[in-house]
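Trainee: Dropping the structure in here first, questions after.
The values are calculated or read from the model by the stated rules, or taken from the named source; none is laboratory data. Treat the numbers as computed from the prediction; the structure is a model and nothing was measured. A quick note on method: Cβ atoms are made from the backbone with ideal geometry, for glycine too, and the neighbour counts reach across all protein chains shown.
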Amino acid sequence: MENVGIITVLGIILTATVRSATPLMFASLGGNFSERSGVFNIGLEGIMTVGAFSAVFFSFKTGSPWAGLLGAMVVGGLFGLLLAFLSIYFKANQVIVGTAINILAASLTTFLLVEIWGRPGQTDNVEYFQAWGPFSLFSYLAFAMVIVSYYVMYKTPFGLRVRAVGEHPRAADTLGVNVYVIRYICVTISGVLAGIGGASLSIGSLSLFKEGMIAGKGFIALAALIFGKWNPIGAALACLFFGFADALQTVATNLPVPKEFLFALPYILTMLAVSGFVGKSVGPAAGGIPYEKGEK
Amino acid sequence: MPAVIEMKGICKSFPGIRANDNINLTVEQGEIHVLLGENGAGKSTLMNILYGLYQPDEGQIFVKGKPVRISNPNIAISQGIGMVHQHFMLVQPFTVAENIILGKEPKKGTTLDIEKAIKDVEEISRKYELKVDAKAVVQDISVGMQQRVEILKTLYRGAEILILDEPTAVLTPQEIEELGVILKSLVSQGKSIILITHKLKEVMSMSDRVTIVRRGKIIDTLNTKDTNIDELAEKMVGRKVNLTVEKEEAKVAAPILEIKGLKVLDSRKLEAVKGVDLQVHGGEILGIAGVDGNGQSDLVQAITGLSKAEAGEILLNGKEITNLPPKDVIESGVGHIPEDRHKRGLVLNYSLAENSILGSHHSKRFRQGMGLSYLKIREYSKKLIKEYDVRTPNEKVMAKSLSGGNQQKLIVAREIDRDPSLCIASQPTRGLDVGAIEFVHKKLVELRDEGKAVLLVSLELDEIMALSDRIAVMYDGRIVGILDARDATEKKLGIMMAGGSSQNAE
Amino acid sequence: MESRMNEIKEDMIKTLKEIAYPLVAILISFIAGGILVYSFGKDPVVAYTALIKGSLGDWNKLGETLVTVTPLILTGLSIAFAFRCGLFNIGAEGQFIIGSIAAVWAGWAFAGLPAVLHITLTLLIGALAGGLWASVIGWLKAKVGSHEVINGIMMNYIAMYLSNYITMTLLNVPEKAYSVEIADTAKLWRFSQAFEQLKYSRLHIGIFFSLIVAVVAYYILNKTVRGYEIRAVGFNPHAAEYGGISVKKNIVLAMVISGLFAGFAGAIMATGVQYRVNNLFGFTGYGLDGIAVALVGNNHPIGVILSAFLFGMLQKGGPLMQIQGIPKEVVGIIQGIIILFVAANFVKVITEQIKQNKELKRSAGKGEVE
């Protein structure tokens, strides 16, 4: 009897871990593409927000969750493109632009929420994705994306060029590699992935969009990326770890720790990870520095 | 047979500067052609245009007689033009093979074919006798091998015409000889070579023809064997150049700087300074010669407190300053003209006035009550600007709006006016025009004549030999010899700079 | 003294130049917002008029607007000050929250002190709490190079949960989701107590405190040795180090001062307006709005005051706009657009392109090298 109980609990923790980790994984993989090419994407949070909202919106309009997923990808990609444009063409401070996108995303989604559903807070229920077995469609997709990301980044010419552009853009430029195009592509990809990550939260498990539902996951994904040393597999493992910390909340109701501490735990862990208390990690050398073609 | 490269009527302007003014250049098949000129003359700009990194405002380029529009490096590469840049363009964490194939990667379907890449690299390495380790990570290989990798990058893409921009800046005299051999070998295999340099000796030893560029214009094109160093120098600068510095005999006093057994680690935690003993006396200029990267920069950083001394001691006027923070080192009487004026020497977004107090901004003489008196600060900077002939509309403009030479003059003014006991001058005339160079040299000699100690660190042997009273050579983190300047010859110094043996083992 | 007058004139010209760019960005954003309103079938003129009337229409409305402006000035200063040192103190929100709860505790725990003493103590404790909270971020950045943005965001969440914990346990009012109220002696004096026109507004003397802090911030940054060092570190840490300035010490100092401002903002809200802390379900927004205020104010204390006023107006005018049929969320979107324009340095980049093209034409035609 006791054994069954433990297995059940472990099973609950496992599914909860994967469920929590899934949106993190998408955002983290997206962040990986962006940062590896040399562009900080602090706007993952905002893009996840518009992704989550778009998924619900398009599902609402068409009655199909697949349209919702597609919508999230397109809108996420567009916001990624906006971030890319400001960072690359205007050479704006990437952290500020990312923050601006986060603020804009929050205002825009609230505005549209009120416009379309007539009230703030949350939308109505829409068609969403039912789970396939213990996990949602998105979780399977996330794991597949990890493998695809790893392959693209380390086994293809494109991936080699991305990493070159992130380390020494001028070297790549002198060999005819178009630094700007590569960065635009990578940041847009990060937007698409973050959009899917947002969708995984809205139509992937719930069936609606709620204000503030992203709750900092875009930032935790970034921390996971750093924790995982800018490597798709490392990032995915880190996401699972954070997912685990998050999952503890659901089963820890009878622990002698105040619940606010458990809520805060993922964030505390992130700080420890980012501050190198769990191993040092060095990012792409040209990260965050806008590329000047050098026409003095 | 048409010339392999012809550039006709090339014009290129940047804001405030006409970098290339109606330039005509012809390069013949199979020759080594040198573009000679001072820093900022326009040679690199011209070659960047040939390689497609810049676009000319006017003019045409002909490759093997055919007109071509080279709008990006890919086109240049497809025309058989390759370029090795002054500052290496190597991705540090990548392997040699990955760096060479970047942009022209062999594929198996969608996958990168790394095995083929390594094989191809080893093949051309053999063919051109340029020894490299295809699997080594660039971060860990020597400077000489890095240069060979850069050359292989161009050959891998089928370059027939190679442009090398200041290739000898990081080499010892012996390695420069080896480069000369490599270039002749490439020529015998049908390549044509364009060398950019401002070093007169290399022009004479390595080239067939030389074109002199000055202030964006072509001055002349000569056969190397028909000319000599003095003629080239005069054409390069536009007037008779005095390559020596006027100075009296040194009146040497007690040592002001004493270094004993100093050990310093570099950013990768490897020993960059491996136990150095050194003394600089009042009234003398001690020059440290050496190829870039042999520990000179780390030595200076340790003296000024910017890097940690792992072992040993540093004494200034008998007082220990080892591992004191930069603030205390400055206050003990050390002035420092840094080797990178943009990174260390100036806050580019500060005005000239604010920059002129950097390092002495705590001083009471700039105070008013509890805060700073910008009035006093501006008065002080106006004095410096006048005394040191810094060309600027006023002291309120931002430092970044000044030319390199004037920026350096301000730094020199600031460091010398503080009346230090020891002045460290690191590459003090890098990137300056001849007038500014003469000025800085004059000021350093004046300082020495006042009885101060001057530590000169420079990569230009000519500068070291002209200014110094004694010359120390640094190789691999150690002082391998100290000569009286009167006994020093380029050959002796060159041998020491390469570690004392005339062959370099790679 | 002529030189004194000249110096003041110099400062004023410099200040004007620095706030010019953001002003243009704001103008463009309002036009963009107007287009958005128009596209939803509403009249932009009606919208903007409602915005102005709703925020400045009468004394009480003005008072309420200033109530919002007060903390915005302080959080804007907080972020602007950190920016001057090259730091993005996105953690100002968390410092605000901590300042709030600390002030409420001090306002409740020290009841019985004479008012002037009690208020001073309360505000001081709130500010110090914010400074302490920020020092963690500063220390992590200085010691291990850990990015202040991620740590700041994380500590915002930790602050929220910590505040909730204290609200629901130590300072709890039983059965309620809020804290005890501070003693009367800790409450800031309200204008409604003396002025008839402001009877219905919550305007309090905190507005003066924030203006004073702005002046202090300006003085520290531009007229002291400390400020010289902080700004040098912000522009070029390598040159600062070379000049004998301790980069690490100044990073921590700048973060602490920044945290003091943000904590002070929280304390002022607690002692001037709310008198208690609620169990938070999300961020208060003052810290995050501070980012917008600082950006638009070009990180200059005077710019921040003007910018805070603008954002205060936008927020307070919203409800009246709503009544006119225009959703008040438009305000949020205008804010977002403003930030994007300013972040992109849109105006600066475009004007510099134009300048460069002019220069190019000039030197190409010259045929002479400088």
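Trainee: Within region C:262-319, how many residues are within 13 Å of chain A (Cβ to nearest Cβ) and farther than 20 Å from C:V331 by Cα?
Mentor: 5
Trainee: Any residue in region A:95-108 that is among the polar types (S, T, N, Q), in a helix (DSSP H, G or I), under 15 Å from the mean Cα position of the chain (by Cα) and away from chain C (no Cβ under 14 Å)?
Mentor: The answer is no; no qualifying residue exists.
Trainee: Anything in region C:228-251 that is under 26 Å from C:A214 (Cβ atoms) and crowded, with 21+ Cβ neighbours inside 10 Å? List them, or say none.
Mentor: If we filter region C:228-251 for residues that are under 26 Å from C:A214 (Cβ atoms), which is where we start, we get C:228-235, C:240, C:245, C:249-251.
The answer is C:Y228, C:E229, C:I230, C:R231, C:A232, C:V233, C:G234, C:A240, C:I245, C:N250, C:I251.
Trainee: For region C:7-53, name all the residues that are among the acidic types (D, E) and either touching a His at 6+ places or on another chain (Cβ under 6 Å) or closer than 18 Å to A:F111 by Cα (or both).
Mentor: C:E18, C:D43
Trainee: Would you check which residues across region B:305-340 are surrounded by 24 or more Cβ atoms within 10 Å (Cβ to Cβ) and within 24 Å of the chain's Cα centre (by Cα) and list them?
Mentor: Those that are surrounded by 24 or more Cβ atoms within 10 Å (Cβ to Cβ) and within 24 Å of the chain's Cα centre (by Cα): B:G305, B:G335, B:H336, B:I337, B:P338.
Trainee: Further question on the same structure: In region B:22-69, which residue that is within 14 Å of chain C (Cβ to nearest Cβ) and of a type in the set (D, E, K, R) is surrounded by the fewest Cβ atoms within 10 Å (Cβ to Cβ)?
Mentor: B:E58
Trainee: A:L112 versus (1) buried (at least 20 other Cβ atoms within 10 Å of the Cβ); (2) within 9 Å of chain C (Cβ to nearest Cβ); (3) touching a residue at least 12 places away in the same chain (Cβ under 8 Å): which is the lone unmet condition?
Mentor: (1)
Trainee: Just the residues that are touching a strand residue (DSSP E or B) at 6+ places or on another chain (Cβ under 7 Å) and free of Cβ contacts under 8 Å to residues at least 40 places away in the same chain, please, taken from region B:347-367.
Mentor: B:F366 - this is the single residue of region B:347-367 that is touching a strand residue (DSSP E or B) at 6+ places or on another chain (Cβ under 7 Å) and free of Cβ contacts under 8 Å to residues at least 40 places away in the same chain.
Trainee: On to the next question. Does C:A232 satisfy being in contact with a helix residue (DSSP H, G or I) (Cβ under 6 Å, 6 or more places away or on another chain) and touching a residue at least 40 places away in the same chain (Cβ under 8 Å)?
Mentor: no
Trainee: Let me ask you something else. Which residue pairs have Cβ atoms under 9 Å apart, sit 6 or more places apart or on different chains, and have a first residue in region B:317-346 that is more than 12 Å from chain C (Cβ to nearest Cβ) and a second that is assigned to a helix (DSSP H, G or I) and surrounded by fewer than 22 Cβ atoms within 10 Å (Cβ to Cβ)?
Mentor: Within 9 Å, the pairs are B:I321/B:D328.
Trainee: I've got another one for you. If I go through region C:163-202 residue by residue, how many of them are of a type outside the set (S, T, Y) and either within 14 Å of chain A (Cβ to nearest Cβ) or under 20 Å from C:H118 (Cα atoms) (or both)?
Mentor: Residues meeting the conditions: 19.
Trainee: Among the residues that make up region B:401-416, is at least one of them at the interface with chain C (Cβ under 10 Å from one of its Cβ atoms), over 22 Å from the mean Cα position of the chain (by Cα), in contact (Cβ under 8 Å) with a residue 24 or more places away in the chain and not in a loop (DSSP other than H, G, I, E, B)?
Mentor: Yes, region B:401-416 contains a residue that is at the interface with chain C (Cβ under 10 Å from one of its Cβ atoms), over 22 Å from the mean Cα position of the chain (by Cα), in contact (Cβ under 8 Å) with a residue 24 or more places away in the chain and not in a loop (DSSP other than H, G, I, E, B).
Trainee: If A:Y180 passes every condition in (1) more than 9 Å from chain B (Cβ to nearest Cβ); (2) crowded, with 23+ Cβ neighbours inside 10 Å; (3) not charged (D, E, K, R) but one, which one does it miss?
Mentor: For A:Y180, the exception is condition (2).
Trainee: Need the failing condition index for C:I158 against (1) in a helix (DSSP H, G or I); (2) without any contact (Cβ under 8 Å) to a residue 12 or more places away in the chain, just the number.
Mentor: Of the numbered conditions (1) in a helix (DSSP H, G or I); (2) without any contact (Cβ under 8 Å) to a residue 12 or more places away in the chain, the odd one out for C:I158 is (2).
Trainee: A:Q94 - would you say it is at pLDDT 85 or above and either among the polar types (S, T, N, Q) or crowded, with 17+ Cβ neighbours inside 10 Å (or both)?
Mentor: Answer is yes for this residue.
Trainee: Right, another one. Which ones in region C:139-155 are facing chain A (nearest Cβ under 7 Å) and not in a helix (DSSP H, G or I)?
Mentor: Listed by number, the residues that qualify are C:S146, C:H147.
Trainee: Are any of the residues in region A:168-176 within 14 Å of chain B (Cβ to nearest Cβ), surrounded by 24 or more Cβ atoms within 10 Å (Cβ to Cβ), in contact (Cβ under 8 Å) with a residue 24 or more places away in the chain and out of contact with any Cys (no Cβ under 7 Å at 6 or more places or on another chain)?
Mentor: Yes, because at least one residue in region A:168-176 is within 14 Å of chain B (Cβ to nearest Cβ), surrounded by 24 or more Cβ atoms within 10 Å (Cβ to Cβ), in contact (Cβ under 8 Å) with a residue 24 or more places away in the chain and out of contact with any Cys (no Cβ under 7 Å at 6 or more places or on another chain).
Trainee: Moving on. For region C:300-322, which positions are closer than 18 Å to C:F83 by Cβ and among the polar types (S, T, N, Q)?
Mentor: Selection gives C:S307 alone.
Trainee: Which ones in region A:115-130 are touching a residue at least 12 places away in the same chain (Cβ under 8 Å) and surrounded by fewer than 19 Cβ atoms within 10 Å (Cβ to Cβ)? Step through it out loud before you land on a result.
Mentor: So the first thing to find is which residues in region A:115-130 are touching a residue at least 12 places away in the same chain (Cβ under 8 Å), and the list is A:116, A:120-129.
Listed by number, the residues that qualify are A:I116, A:P120, A:G121, A:Q122, A:D124, A:N125, A:E127.
Trainee: Take region C:80-138 and flag every residue that is surrounded by 24 or more Cβ atoms within 10 Å (Cβ to Cβ) and either at positive phi or not in a helix (DSSP H, G or I) (or both).
Mentor: C:C85, C:L87, C:N89, C:I90, C:G91, listed by residue number.
Trainee: Within the group B:D277, B:D230, which residue is surrounded by fewer than 18 Cβ atoms within 10 Å (Cβ to Cβ), farther than 30 Å from B:I141 by Cα and not basic (K, R)?
Mentor: The unique qualifying residue is B:D230.
Trainee: Out of the residues in region B:96-113 that are more than 19 Å from B:Q139 (Cα to Cα) and more than 8 Å from every other protein chain (Cβ to nearest Cβ), state the one that is surrounded by the fewest Cβ atoms within 10 Å (Cβ to Cβ).
Mentor: B:G109
Trainee: Of all residues in region C:341-353 being over 15 Å from C:A294 (Cβ atoms) and within 8 Å of chain A (Cβ to nearest Cβ), which is modelled with the lowest pLDDT?
Mentor: C:F346
Trainee: Let me ask something else about it. Select from region B:354-399 the residues that are closer than 22 Å to C:G244 by Cβ and surrounded by fewer than 13 Cβ atoms within 10 Å (Cβ to Cβ) and write down the one among them that is nearest to the other protein chains (Cβ to nearest Cβ).
Mentor: Once the filter is applied, the top-ranked residue is B:M370.
Trainee: Go through region B:104-119 and count every residue that is in a loop (DSSP other than H, G, I, E, B) and under 22 Å from A:S149 (Cβ atoms).
Mentor: 4
Trainee: In addition: What strands (runs of 3 or more DSSP E), lying completely within region B:422-484, carry at least 3 residues that are buried (at least 24 other Cβ atoms within 10 Å of the Cβ)?
Mentor: Output list reads B:422-426, B:453-457, B:470-475.
Conditions tested, residue by residue: (1) crowded, with 24+ Cβ neighbours inside 10 Å; (2) in a helix (DSSP H, G or I); (3) under 18 Å from the mean Cα position of the chain (by Cα).
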position	(1), (2), (3)
A:I6	no, yes, no
A:S28	yes, yes, yes
A:G38	yes, no, yes
A:L70	no, yes, yes
A:M73	no, yes, yes
A:G76	yes, yes, yes
